Amino acid sequence: MEKAIEVKGLVTHYGTREILKNVTFSIPRGMTTVILGGSGSGKSTLLRHIIGLLKPTKGNIFINERDITSLSEIEMIDVRKKMGVLFQGAALLNSLTVSDNVALPVTEHTKLQGSTIDIMVRMKLDLVGLSGSGGLYPSQLSGGMKKRAGIARAMALDPDLLFLDEPSAGLDPVTAAGLDELIVRLKKVFKITIVVVTHELPSIHIIADYAVMLNRGEIVFTGTMDELKMSDDPQIVSFLARRPPDDSLAPGDYLKTITGNS
Amino acid sequence: MKVSTMPLPVKEIFGYTGKTFLSLLDSLNTISVLINSVFYQTFISPLTGRPPRIRASIVEMVRTGYNSVPIVSLISFFVGVILALQAAYQLKKFGALIYVADLVGISLTRELGPILTAVLVSGRSGSAFAAEIGSMKAAEEIDALVTMGINPIRYLIVPKLIALMIMMPALTLIADFSGITGGTILASTMLGLSPGAYIEQTINSLAIQDIFTGLVKALAFGIVITLVGVYQGLRVEGGAEDVGKRTTAAVVASIILVIVFDLFFTILFFFFT
Ligand SMILES: Nc1ncnc2c1ncn2[C@@H]1O[C@H](COP(=O)(O)OP(=O)(O)OP(=O)(O)O)[C@@H](O)[C@H]1O
Ligand SMILES: [Mg+2]
């Protein structure tokens, strides 16, 4: 199995609080990997490090064999041209139309002519099922359409890595299912590596080939979806069964918590 | 366990001073990094073949400059009238009414033109910069630019800086002109001076360096207003309410800084011109 991304000994802090505690795993090329975990387990933090928005306290992140933790901002541009990111709120530029949003990476990084770019943009919008909505502004789009436009922009430069942060969060089940289908199609058509941060069980079962599970800043599982389903780790079992985890504290610990003596 | 023997209030004072000092150092560091990269992207980067976004700069010039023309001319017109009245009140005691022209002309070009313009532009554009950048930060749009390999400073901030560096001096010239017009109209209607004589007196009293020092100030104020607005916008952490707070902070801070810089320049020009 060829690795697209390799994270080694990653330690990260917000201020003095340690968020990720020595995280090591890799993400296979050409597959869809889901990053799972409860709220506050550090999924978004991990994603922000992998896409180079934050620098870790310690550890290395290799993308296509290049250690991005040691690259300068200018060297990072080459890496970034090969990856697309969909943010949780889509993060389209509100001052630009949908078409101009999708065209933005192309106009900034290539010297293509306006008419060529127009055609590229129309192809991308068609790909995500938004043909005809190019002239609208982001504020005129529904949540699901925003996500689709965000994916079109992320795909603008034909990246070989696509990152999606909670693509179906806050959408109704039908719209969410439509997005899942789009993600599956992207992988089939473009053979790219897709990394999805998500909680949604139904969508995990449809889109994922591989899973990485975090709990309180530590990796509790990496492996294929079949391995995940077969696992008998209580945390994983309760996550997949949507059961609240057995978090009750021992009586002594409980006393410590409320008296503040630790 | 060893217990600290320092009395609590003393400890708190040290703790507070230390924390304030550290966070001050932190923001100073952020500010200097920001200033450094803004100037790099504006002046050095174009030399290496990355020209600034001309169209975006023009859009910003229209927004910050052209659209401010009515308010700037209106306010400075009235200030010109008020100045002339105040000057006449003193000067008529000496029968030196014609010197109203000198006073109005010099105070406007050297001092009030740039200051008035800067205060108005802080209120209109400084706040708009903070709000725009702040809401983009809150919506992760700035992060999105970074992940697309687009430098947000070059893309968003440089056009604003270019716009204000050009428009602040231009607006100041307009303010000077309409203030002097206000003075002329007051002098010729209420003070019984002939407009021709008033204008001639104004032209004779103004040295080119009066106008020039005013324009140098205006340029500096334009840089200050842009940097403060952008800095406050980039500091937005949470959501909409933080954007509002930062917008207010941007206006307050840029007006204070404009006055401080004005004092600095006035002292400088006092000794060196
Ligand atoms: N900007 C920040 N400053 C300080 N602490 C933060 C910041 N962002 C996140 N945290 C903290 O880091 C921890 C991990 O947050 P993160 O957003 O990575 O979790 P998550 O797994 O994405 O959760 P969710 O599923 O709710 O989005 C949380 O405890 C959060 O309080
Ligand atoms: Mg998250």
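In table form, for the structure just shown:
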{"read-out": "Residue check, A:Lys21 under 27 Å from A:Met155 (Cα atoms) and open to solvent by 10 Å² or more (accessible area, probe 1.4 Å)", "value": "no"}
{"read-out": "Residue count for region A:97-114, restricted to those that are farther than 20 Å from B:Ala139 by Cα and at the interface with chain B (Cβ under 9 Å from one of its Cβ atoms)", "value": "2"}
{"read-out": "Spans of helices (runs of 4 or more DSSP H) in region A:186-262 with at least 1 residues within 30 Å of A:Met155 (Cβ to Cβ) and at pLDDT 90 or above", "value": "A:201-207, A:225-230"}
{"read-out": "Among the residues listed as A:Leu86, A:Leu46, the single one being within 16 Å of ligand 2 (Cβ to nearest atom), away from every other protein chain (no Cβ under 13 Å) and open to solvent by less than 10 Å² (accessible area, probe 1.4 Å)", "value": "A:Leu46"}
{"read-out": "The lone exception for A:Asn94 - which of (1) within 11 Å of chain B (Cβ to nearest Cβ); (2) open to solvent by 40 Å² or more (accessible area, probe 1.4 Å); (3) assigned to a helix (DSSP H, G or I) it fails", "value": "(3)"}
{"read-out": "Total residues in region A:61-73, condition within 16 Å of ligand 1 (Cβ to nearest atom) and surrounded by fewer than 14 Cβ atoms within 10 Å (Cβ to Cβ)", "value": "0"}
{"read-out": "Exclusive hit being in the same structural domain as A:Leu214 (by TED's automatic domain parsing), outside any strand (DSSP E or B), open to solvent by 70 Å² or more (accessible area, probe 1.4 Å) and away from ligand 1 (no atom under 15 Å from the Cβ), set A:Met1, A:Met76", "value": "A:Met1"}
{"read-out": "Residue that is farthest from the other protein chains (Cβ to nearest Cβ) [pool: residues in region A:17-32 that are of a type in the set (Val, Ile, Thr) and within 16 Å of ligand 2 (Cβ to nearest atom)]", "value": "A:Val23"}
{"read-out": "Selection count where residues are open to solvent by 50 Å² or more (accessible area, probe 1.4 Å) and within 14 Å of another protein chain (Cβ to nearest Cβ), scope region A:115-153", "value": "3"}
{"read-out": "Number of the condition not met by B:Ala138 [criteria: (1) without any contact (Cβ under 8 Å) to a residue 24 or more places away in the chain; (2) open to solvent by 10 Å² or more (accessible area, probe 1.4 Å)]", "value": "(1)"}
{"read-out": "Lone unmet requirement of (1) farther than 29 Å from A:Arg242 by Cα; (2) at pLDDT 90 or above for A:Ile74", "value": "(2)"}
{"read-out": "Which numbered condition B:Leu268 fails, given (1) open to solvent by less than 70 Å² (accessible area, probe 1.4 Å); (2) in contact (Cβ under 8 Å) with a residue 60 or more places away in the chain", "value": "(2)"}
{"read-out": "Total residues in region A:111-131, condition in contact with a Leu (Cβ under 8 Å, 6 or more places away or on another chain) and in a loop (DSSP other than H, G, I, E, B)", "value": "3"}
{"read-out": "Set A:Gly15, A:Gly30, A:Gly38: member being at positive phi and open to solvent by less than 40 Å² (accessible area, probe 1.4 Å)", "value": "A:Gly30"}
{"read-out": "Residue pairs meeting the criteria (Cβ under 8 Å; at least 6 apart or on separate chains; first within 14 Å of chain B (Cβ to nearest Cβ), in region A:58-80; second open to solvent by 80 Å² or more (accessible area, probe 1.4 Å))", "value": "A:Val79/A:Arg66"}
{"read-out": "Test result for B:Pro52, surrounded by fewer than 21 Cβ atoms within 10 Å (Cβ to Cβ) and not in a helix (DSSP H, G or I)", "value": "yes"}
{"read-out": "Single residue of region A:34-45 satisfying the filter (within 9 Å of the chain's Cα centre (by Cα) and more than 7 Å from ligand 1 (Cβ to nearest atom)) that is farthest from A:Asp226 (Cα to Cα)", "value": "A:Ile35"}
{"read-out": "Neighbours by Cβ (under 8 Å, 6+ apart or cross-chain): first from region A:27-51, farther than 20 Å from B:Thr147 by Cα and modelled with pLDDT of 90 or more; second in a helix (DSSP H, G or I) and within 10 Å of ligand 2 (Cβ to nearest atom)", "value": "A:Leu36/A:Lys43"}
{"read-out": "Residue selected from region A:157-180 under the condition more than 16 Å from ligand 2 (Cβ to nearest atom) and among the hydrophobic types (A, V, I, L, M, F, W, C), by the criterion surrounded by the fewest Cβ atoms within 10 Å (Cβ to Cβ)", "value": "A:Val174"}
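The values are calculated or read from the model by the stated rules, or taken from the named source; none is laboratory data. Bear in mind the structure is a predicted one, so any value in this text is a computation, not a measurement. Every residue, glycine as well, gets a Cβ built from its backbone with ideal geometry; the counts of neighbours run over all protein chains shown. Please note that ligands, DNA and RNA were not included when accessible areas were found on the heavy atoms of the full protein model with its side chains. Shrake-Rupley method; radii C 1.70, N 1.55, O 1.52, S 1.80 Å.
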